[in-house]
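Accompanying notes for the structure given below.
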Protein chains: 2
Amino acid sequence: MLEFWNTYPPVKKQLDQVLELLENRLTIDIPDVQEALDNFLHSGGKMLRPALFLLFADLNDRDANKQTNYINVAASLEMLHMATLIHDDIIDDSPLRRGTITVQSKCGKDTAVYAGDFLFTQFFELLIETLNGTSLMAENALTMKQLLLGELGQKADRFNLNQTVENYLHNITGKTARLFELACYEGVHLSNGGSELEKAAGTIGRNIGIAFQIYDDILDYSSDAKTLKKPITEDLAQGIYTLPLILARQNHEDEFDQYLQKKQLITEDEVRIVAKMVNQYGGIQQSKQYAKQYYDETITLINHIPASNAKKTIQTLSKKLLDRQY
Amino acid sequence: MLEFWNTYPPVKKQLDQVLELLENRLTIDIPDVQEALDNFLHSGGKMLRPALFLLFADLNDRDANKQTNYINVAASLEMLHMATLIHDDIIDDSPLRRGTITVQSKCGKDTAVYAGDFLFTQFFELLIETLNGTSLMAENALTMKQLLLGELGQKADRFNLNQTVENYLHNITGKTARLFELACYEGVHLSNGGSELEKAAGTIGRNIGIAFQIYDDILDYSSDAKTLKKPITEDLAQGIYTLPLILARQNHEDEFDQYLQKKQLITEDEVRIVAKMVNQYGGIQQSKQYAKQYYDETITLINHIPASNAKKTIQTLSKKLLDRQY
């Protein structure tokens, strides 16, 4: 779905190079793993993380001779993202992602374990080729760990009715926002944008990631399967209670818990009833307010960045991203 | 099973430090993953790879002030080994390893995926802390990839009756020998033992790894479940045809294939018949000859190393390792 970027030609052009690099690096002489990787790579990801990285690098006057390094780092971000998605789909038993059958569903969990591991190895390799000896190595290792701990935190909180907004925010910061944070931070760091802009970029990335994930979780209750390209309320049935549910349940515990206490035994009809209550009791509306707080802070921070075309694109993009219908 | 090292006090002392570091680094606030890691860490691994690394470092006059670095690298080798074992056990559906129930069997495949991933993150972190900016980073990334490709090669060759000795050796070089090679090479490299000794160390490590794996595969046909601490002929039933079978089958294809063609549908009785034929047609005897070639080359190379206590220990250890009954 790189057409998403057609209105931003400088980004689109670089993302085409990133995709080409990914295709080259994700080749393996094992047919089922290769097929799984190819399908996943072409399943319509928008490459948001590489794009943000490149845009934040474009804020600065960067050395055109080092373009290869930028494409490498952009690709490394997508590889890490892909690796975690493939392993997460194993744990979630997810049948669909991006409207396409998941690796674990198509090729089995075994192939999915190795496909994810292969992506981790290629991620390491690309990082080492490009960033060996820099402080970005440790940043990448830390982010990789935080992604995993965020997912594990979410898994540990499954079916936990006592989950708070804070737990939720903590988990999505790890599983989603940290990688956005790294992408923006790395863009500024690699192009020598200075420590002040680095810090702002990290915060902007983290906020975009949190708002993005909140919208994602809202869509799980407000969209339909066709638009969303995956089953709706999938999280709920698996005991993953996201922000809309947590907020809607706050003053209606008994009404919710008569269904939620059934845990895995909740029926499809009951899931629909709970989803309806989430809407009815303002879970979606309140979640949008949370997302808006992060969004507003992001816009303020972006406004402080010196004027440039890249800044304009970041502004437009943030608005587009956080006004999601897809 | 660090008692294995009681007769080598300098190694034992350092391995105790490695174990302590592993215990510190493998802590995670998710009870089931923590339990899985603890059980696995204390399930009696002999820490051969860290030990070989330390012994090869001890060949040289190394800087005592940098002992922390040596313990870190030794621990990183064990982490990578543990990560791959945990993910391999998912693919193999293995119930037991080292006489202990496997992570995937005890905690489920989901936890096993994340436990392995956590080990990869900790491996990466420790490497970056210790070796960032050195050429050993790329060596580690390459080895990690080769381990995975070796496992994937073995998986792709399952139930393949046309598998040759060369295929087998290629797969075990990747899945087992490369990490031994890295361990020995890293030991010399980090202690500045010079390029000639580095090269010899790599070859010694690789040969030890190959011979070690051949003996492991022999034991699958010649030992009993109690001594081996895991089910015997487990590989055969899963379509993993190792050297003893490949060699025994060479002049008796029809006799073997009447059973092997049944693939997964082979019965336990038939597995026993095949195992008996492997013995009867010299599969074990011939495999020992193969292992001996690698062993002899190893001993010759070790003999060329200048005299020292570490050299003596490497000599005794190689003999002990390649005369396995366990």
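We did not get these values from a lab; they are worked out from the coordinates using the rules stated. Here the structure is a predicted model, which means the values were calculated and not measured. Cβ atoms come from the backbone with ideal geometry, glycine included; neighbour counts cover every protein chain shown.
Please report Rg over Rh for segment A:172-296, where both radii come from the alpha carbon positions and Rh follows the Kirkwood definition.
1.10
Which residue fluctuates the most in chain A, going by a Gaussian network model with Cα springs under 10 Å, if the choices are A:Asn279, A:Asn251, A:Asn39?
Largest GNM mean-square fluctuation: A:Asn251.
Under a straight-distance cross-link criterion of Cα-Cα below 19 Å, which aspartates and glutamates are reachable from B:Lys276, leaving out those fewer than 8 residues away in the same chain?
Within reach: B:Asp216, B:Asp217, B:Asp220, B:Asp224, B:Glu234, B:Asp235, B:Glu253, B:Asp254, B:Glu255, B:Asp257, B:Glu268.
Give the calculated FRET efficiency between B:Asp38 and A:Gln293 to the nearest 0.05, with a Förster radius of 35 Å applied to their Cβ-Cβ distance.
It comes to 0.30.
Which whole-number percent gives the relative contact order of chain B, counting Cα pairs below 8 Å spaced six or more residues apart?
Relative contact order comes out at 18 percent.
Quick one: Kirkwood hydrodynamic radius for segment A:2-321, alpha-carbon pairs, angstrom, one decimal?
By the Kirkwood definition, the hydrodynamic radius is 20.4 Å.
Running Debye on segment B:130-238 with equal point scatterers at the Cα sites and no solvent, what base-10 log of I(q)/I(0) appears at q = 0.12, 0.19, 0.24 Å⁻¹?
Normalising to I(0) and taking log10 leaves -0.51, -0.99, -1.27.
Shielding of A:109-120 by partners, i.e. mean partner chain Cβ atoms within 10 Å per residue?
For this peptide, the per-residue mean of nearby foreign Cβ atoms is 6.
Please report, to one decimal in angstroms, the Kirkwood hydrodynamic radius of the protein assembly as shown built from all distinct Cα-Cα pairs.
Evaluated over the protein assembly as shown, this radius sits at 26.7 Å.
Could you identify which residue out of B:Thr173, B:Thr203, B:Thr111 has the top mean-square fluctuation in a GNM of chain B using Cα springs shorter than 10 Å?
Maximum fluctuation in the GNM of chain B, among the listed residues, is at B:Thr111.
If we count other beta carbons within 10 Å of each Cβ, what is the order of A:Leu126, B:Leu142, fewest first?
B:Leu142, A:Leu126
My understanding is that a pair violates if its Cα-Cα distance is over 21 Å; which of B:Lys106/B:Lys155; B:Lys175/B:Lys262; A:Lys199/A:Lys311; B:Lys46/B:Lys311 do that in this structure?
B:Lys106/B:Lys155; B:Lys175/B:Lys262
With a 10 Å Cβ neighbour count serving as the proxy for reagent exposure, in which order, fewest first, do B:Leu136, B:Leu15 appear?
If I rank by nearby Cβ atoms, fewest first, I get B:Leu136, B:Leu15.
Kindly give the distances from A:Gly44 to its copy-mates, label point to label point, with each label point 7 Å from Cα along Cα→Cβ, as nm values to one decimal ordered shortest first.
Ordered by distance, the counterparts are at 5.3 nm.
Between segment A:150-205 and segment A:50-80, what is the C-alpha centre distance in whole Å?
If you average the Cα positions of each part, the centres end up 19 Å apart.
Per-residue HN-Hα couplings for segment B:272-280, Karplus 6.51 cos²θ - 1.76 cosθ + 1.60 at θ = phi - 60°, whole Hz, x for Gly and Pro?
5, 4, 4, 4, 5, 5, 4, 5, 4
Work out the mean other chain Cβ neighbour count within 10 Å for the residues of A:134-144 and drop it here as an integer.
That works out to 4 on average.
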